[in-house]
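The next block holds one structure in the form of structure tokens; read it before the comments.
The values are calculated or read from the model by the stated rules, or taken from the named source; none is laboratory data. Worth saying up front: this structure is predicted, and the values here are computed from it rather than measured. With ideal geometry, Cβ positions are generated from the backbone for all residues, glycine too; neighbour counts draw on all protein chains shown.
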Amino acid sequence: MDEGEVDSNCETGFTLVKYKRRLKYKKKNVLGNGNINDECSYDNIGDIMRRFRESQLLIRNSEQLNYFVNAINKSITLLNANKEVGNNFIKDIVCYGIGKFSGSHQAMHQLALLIQFKHLYNTPVHIFDPVLSQTEREILMNLGLNIISYNEEGKRKVDVVTLFFLPHCPRELLNNILFTNWGHSLCKCIIISNSHCRIITDSPSSALHNYKYITEITPAIQQIHIPNIYRLTDVFNDMAVHYFPIEELETVSDDVWRYNEHPVYSKHYSEFIDCVRANRPLEQPPS
Ligand SMILES: C[S@@+](CC[C@H](N)C(=O)[O-])C[C@H]1O[C@@H](n2cnc3c(N)ncnc32)[C@H](O)[C@@H]1O
């Protein structure tokens, strides 16, 4: 088969682009730019898809899904107070930091939840994690998701109501979303991430000085805590739905909105991967 030729597999229902040069051995690829450590075999895809379907079944029938959906719908109602709320309020879904779902049950079940959101809100889903392999990206595309083609570091300016899904993501991604949409356009962002409240209360103030947007938004951010009742307790722990009602945003002083310095993150031992770091090995935390 020639390079780039397309093949399909009946059992998995998969279309796979085959490449001529295939690496036969596993190499350590910490930042996973998607070419190394990527076996890309049908066996592998079949196994990943089997586990995905199992996760889907579990999530679909779980009370956990209801908690997420009720919290999102409540935030929509509160954002849209006094107006008619339709099912099409959310126009876009963006997911960062899902993780390597081929080898992580947390990432796999989070992906199953993301697909439920896609169906429920009937919107395009855009996804990016620099560690995803080529096989994982192809699986996501086959599931109907759009792979974001470059590392935007969470700096996505929204012009329609967008649901961000950041499962257990580094604080930098949340801070960058806030920075990029700083001002009243935050009312178009609904963010599922680690609880903002916990980030603030659990971090020493010295650790928060690089996350100015996270700290400054405190008076205007509303959060709905998501109880962790899933059968697997390390998949949806410490999550909340965050939203920014316009009335709360209007109480923030102009001085706060005028602040627009580009965030700089000096501590590169967090799990955040910026454009520069994606091309070099991980640094070790200081001992
Ligand atoms: C703690 S892991 C969470 C993985 C998984 N969601 C979980 O709960 O186990 C953080 C994830 O954020 C991803 N990440 C780091 N920088 C990112 C970036 N610039 N854009 C998107 N994802 C990023 C990492 O690759 C990693 O998969």
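Observations on the structure shown:
- So residue 99, is it part of a loop (DSSP other than H, G, I, E, B), small (Gly, Ala, Ser) and more than 11 Å from the ligand (Cβ to nearest atom): no
- Output for the range 261-287, where each listed residue is touching a Phe, Trp or Tyr at 6+ places or on another chain (Cβ under 9 Å), surrounded by 10 or more Cβ atoms within 10 Å (Cβ to Cβ) and modelled with pLDDT of 65 or more: 263, 265, 272, 274, 275
- Failed criterion for residue 65 (all others in (1) surrounded by fewer than 22 Cβ atoms within 10 Å (Cβ to Cβ); (2) within 16 Å of the ligand (Cβ to nearest atom); (3) without any contact (Cβ under 8 Å) to a residue 60 or more places away in the chain; (4) not polar (S, T, N, Q) hold): (2)
- The lone criterion from (1) more than 14 Å from the ligand (Cβ to nearest atom); (2) over 26 Å from residue 136 (Cα atoms) left unmet by residue 162 is number (2).
- Exclusive hit being in contact (Cβ under 8 Å) with a residue 60 or more places away in the chain, within 22 Å of residue 270 (Cβ to Cβ) and touching a helix residue (DSSP H, G or I) at 6+ places or on another chain (Cβ under 7 Å), set 172, 153: 153
- Matching entry among 151, 88 (being farther than 16 Å from residue 173 by Cβ and either within 14 Å of the chain's Cα centre (by Cα) or not in a helix (DSSP H, G or I) (or both)): 88
- Screening the candidates 243, 230, 259 for the property of being among the hydroxyl-bearing types (Ser, Thr, Tyr) and touching a strand residue (DSSP E or B) at 6+ places or on another chain (Cβ under 7 Å) yields one hit, 243.
Listed here are the residues, each with its yes/no results for (1) basic (Lys, Arg); (2) in contact with a Cys (Cβ under 9 Å, 6 or more places away or on another chain); (3) modelled with pLDDT of 95 or more.
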{"residue": "1", "(1), (2), (3)": "no, no, no"}
{"residue": "32", "(1), (2), (3)": "no, no, no"}
{"residue": "35", "(1), (2), (3)": "no, no, no"}
{"residue": "42", "(1), (2), (3)": "no, no, no"}
{"residue": "51", "(1), (2), (3)": "yes, no, yes"}
{"residue": "69", "(1), (2), (3)": "no, no, yes"}
{"residue": "77", "(1), (2), (3)": "no, no, no"}
{"residue": "87", "(1), (2), (3)": "no, no, no"}
{"residue": "100", "(1), (2), (3)": "yes, no, yes"}
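- The set of residues in the range 110-152 that are hydroxyl-bearing (Ser, Thr, Tyr) and within 11 Å of the ligand (Cβ to nearest atom) contains only 150.
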